[in-house]
Amino acid sequence: MTLQFNEQGLIPALAQDRFDGQVRMLAWMNREALEHTLETGLATFFSRSRGKLWVKGESSGNVLRVHSVTADCDADTLLLLVEPAGPSCHTGRPSCFFKRVGPDGSLSDQPFEVTPFISELERTIRDRQASSAEKSYTKSLLDGGIAKINGKISEEAGELVAALAAESDERVLSEASDLLFHVLVALRARGLDFGQVVASLASRTKQSGHEEKLNRKKA
């Protein structure tokens, strides 16, 4: 099987953030655009209105660095796993997908783009941090600072260890969820996010675990 370009010699290409899973944009490629993408590692598309190739972010700097290109089962759609260097939508928003479709087919702009659940949870934690409400467990942790958050992480880690050793799968999942939540809160307290953790993990796949540990000791 070969790639199935349409009558105009084009194929749709969906760009997805390889670290947090967010769908960034959809555009079209012809064979030349695909070849340029594979050669340069920068997402390159074909503009139907202008009739020429364009490199995403060439003028703005908001490029999409392509990690891999995969075709679907019918070979008529491409999925680009990318590392975005900024917003991907021409509106300045991170993703082009932010218009909710109502039951009657009407469209309404949403304040946030569609994201995987872990990103939604991080957004909720950010909202709690900025909230003026007095009653919020998350806010109390953030207001308590790293020392308080560290105490909860140590507690939850211990409970997960105990569950892994002798408790049910349900308990393991529950304790793992608690631990991950508190890790996300800790990252927020430091101004970091889960996507950066995934990126750090991805960078380690280029070397063995033993090499990575050795390099950490040297550092």
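Picking from Arg128, Arg24, Arg171, which is most flexible by a Gaussian network model of the chain using Cα springs under 10 Å?
Result for the chain, Cα springs under 10 Å: Arg171 fluctuates most.
Can you give me the angle between helix 117-130 and the longest principal axis of the chain, using Cα atoms only, in degrees from 0 to 90, rounded to the nearest 10?
The angle comes out near 60 degrees.
Which net charge results when you count Lys and Arg as +1 and Asp and Glu as -1 among the other residues whose beta-carbon is under 14 Å from that of Ala43? Could you put the intermediate results ahead of the total?
Values: positive: Arg18, Arg24, Lys56, Arg65; negative: Asp17, Glu32, Glu35, Glu39, Glu58, Glu83.
Once all neighbours under 14 Å are counted, the net charge is -2.
Based solely on its DSSP helices, what 222 nm [θ] is calculated for the chain when runs of n ≥ 4 H residues each add -39,500 (n - 2.57) and the sum is averaged over all residues, nearest 500 deg cm²/dmol? Don't skip to the end; give the middle numbers.
Numbers: 6 runs with 96 residues, N = 219.
Helices in the chain give a 222 nm mean residue ellipticity of -14500 deg cm²/dmol.
Using the Cα centre of the chain as origin and beta-carbon charges of +1 (Lys, Arg) and -1 (Asp, Glu), tell me which of Gly57, Val198, Ala157 is placed farthest towards the positive end of the dipole.
Looking along the dipole axis, the top candidate is Gly57.
For the chain, set up a GNM with springs between Cα atoms under 10 Å and report which of Thr205, Thr44, Thr115 has the largest fluctuation.
It is Thr205.
Check the chain for me: any Cys whose beta-carbon has no other cysteine beta-carbon within less than 4.7 Å?
Cysteines of the chain left without a disulfide-compatible partner: Cys73.
Evaluate the Debye formula for segment 11-84 with equal point scatterers sitting on the alpha carbons, no solvent, and hand back log10 of I(q)/I(0) at q = 0.15, 0.21 Å⁻¹, in q order, two decimals.
Reported log10 I(q)/I(0), two decimals: -0.43, -0.86.
Using the crude model of +1 on Lys and Arg Cβ and -1 on Asp and Glu Cβ, and no other charge, please compute the dipole size for segment 11-84 relative to its Cα centre, in debye to 20.
On the way: 8 positive and 10 negative charges, 64 e Å.
For this selection, approximately 300 debye.
Could you quote the convex hull projected area for the chain, Cα atoms only and averaged over all directions, in nm²? All intermediate terms of the calculation are to be shown ahead of the outcome.
On the way: hull surface 74.9 nm².
Over every viewing direction, the Cα hull of the chain projects on average to 18.7 nm².
Neighbouring Cβ atoms within 10 Å as the yardstick, rank Lys148, Lys135, Lys99 fewest first.
On the way: Lys148 15, Lys135 7, Lys99 12.
Exposure proxy ranking, most exposed first: Lys135, Lys99, Lys148.
For the chain, find the longest principal axis of its Cα atoms and tell me its angle to the long axis of helix 209-218, 0 to 90°, nearest 10.
70 degrees
FYI, it's all coordinate maths here, none of it is from the lab. Bear in mind that the values here come from a model prediction, so they are computed numbers and not experimental data. Cβ: placed from backbone, ideal geometry, glycine included. Neighbour counts: every protein chain shown.
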